[in-house]
1. Scan the range 72-104 for residues that are open to solvent by 20 Å² or more (accessible area, probe 1.4 Å) and either hydroxyl-bearing (S, T, Y) or over 18 Å from I179 (Cβ atoms) (or both) and report the count.
2. Failed condition for L13, given (1) open to solvent by 20 Å² or more (accessible area, probe 1.4 Å); (2) in a helix (DSSP H, G or I); (3) under 30 Å from A114 (Cβ atoms), with all others met?
3. Quick check on the range 127-135. Is at least one of its residues surrounded by 13 or more Cβ atoms within 10 Å (Cβ to Cβ) and either among the acidic types (D, E) or farther than 23 Å from T11 by Cβ (or both)?
4. Take H178 and tell me if it is open to solvent by 50 Å² or more (accessible area, probe 1.4 Å) and closer than 30 Å to S24 by Cα.
5. How about the range 150-171: which of its residues are open to solvent by less than 60 Å² (accessible area, probe 1.4 Å), hydrophobic (A, V, I, L, M, F, W, C) and under 30 Å from E123 (Cα atoms)?
6. In the range 16-36, what residues are open to solvent by 50 Å² or more (accessible area, probe 1.4 Å) and farther than 30 Å from I165 by Cβ?
7. Taking L66, is it open to solvent by less than 90 Å² (accessible area, probe 1.4 Å), assigned to a helix (DSSP H, G or I) and either without any contact (Cβ under 8 Å) to a residue 24 or more places away in the chain or of a type in the set (K, R) (or both)?
8. So is D16 more than 24 Å from K150 (Cα to Cα) and modelled with pLDDT under 95 or not?
Amino acid sequence: MNTIQSDTILTYLSNDEENFKELSIQFKKIQEFEEKLHFEYEQFQNMLKQLYEKEKSNIGKMGDLLKAVSEASALVNARRSQYQLFIQKKVIPSLNGQIEQIKQKKLLVQDYMAKKAFEGQKEEKLKQITNDEAKQKEVYGQLEQSRRDKNTAANTLITQFSIHINERNAETKAMFQHILNHLMVMCSTGLQEFSKVAHLIVEMDEKPDAEQFLSKMLGNQKNKKQQQ
């Protein structure tokens with residue numbers, strides 16, 4: 001029991017608490033940024049839809065391009081929404097939960113340290129009593145009880161600190177695994193959908209539509225200018 005490094009454990013838990021607080025703050029910033037970005041892309045998509053409605057009857061191929069970009073952006077933005085909601089609903093509450101659990105573990109360390117100090121006080125007091133057998137017996141009984149209390153606190157601390165380490169590791173691994181999965185899905189969706197639009201651009205020939213539009217707008221004036 002005396003091998004428990006209570007000061008080191010307390011420092012370790014304090015560092016863990018600070019790290020989780022910093023992660024929670026940073027993920028909150030990311031979540032708010034992603035939420036704002038999601039909103040701005042929604043605005044962008046709505047604008048493209050409006051442009052498409054105006055353009056589709058003029059130069060149809062350009063209208064098709066606007067529609068394709070809008071639809072691809074919407075699919076990627078849906079993934080972004082899932083990502084930011086995951087951070088908001090899962091990651092941040094999990095981190096805050098870890099912080100609260102660490103606070104409880106720190107109380108266990110402090111309780112063990114207090115009981116260990118109390119045991120030391122009783123040991124010193126017993127040493128000071130030399131000629132009073134009844135008092136010695138009384139203090140010895142108190143010392144034995146303080147040892148039992150310290151050992152109980154030590155066992156609780158050993159169990160709970162071990163649980164903390166294992167749960168902290170598992171929670172951190174799971175958190176980053178899910179975060180990376182969301183990011184990979186969002187990036188994969190973007191690569192897939194925007195590649196389709198890029199291919200559409202490469203293959204698109206808008207000139208016939210543009211010629212038809214110009215003829216409609218300019219009538220014979222365009223032909224006369226070409227003949228001059």
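1. Residues meeting the conditions: 8.
2. Going through (1) open to solvent by 20 Å² or more (accessible area, probe 1.4 Å); (2) in a helix (DSSP H, G or I); (3) under 30 Å from A114 (Cβ atoms) one by one, L13 breaks only (1).
3. The answer is yes, given that some residue of the range 127-135 is surrounded by 13 or more Cβ atoms within 10 Å (Cβ to Cβ) and either among the acidic types (D, E) or farther than 23 Å from T11 by Cβ (or both).
4. yes
5. Matches in the range 150-171: A153, A154, L157, F161.
6. Result: E32, F33, E35, K36.
7. Criteria met by L66.
8. no
The values are calculated or read from the model by the stated rules, or taken from the named source; none is laboratory data. Computed from a predicted model, the values in this text were never measured in an experiment. Glycine also receives a Cβ, built like all others from the backbone with ideal geometry; neighbour counts cover every protein chain displayed. The area values use the complete protein model at the heavy-atom level, side chains included, leaving out ligands, DNA and RNA. Shrake-Rupley method; radii C 1.70, N 1.55, O 1.52, S 1.80 Å.
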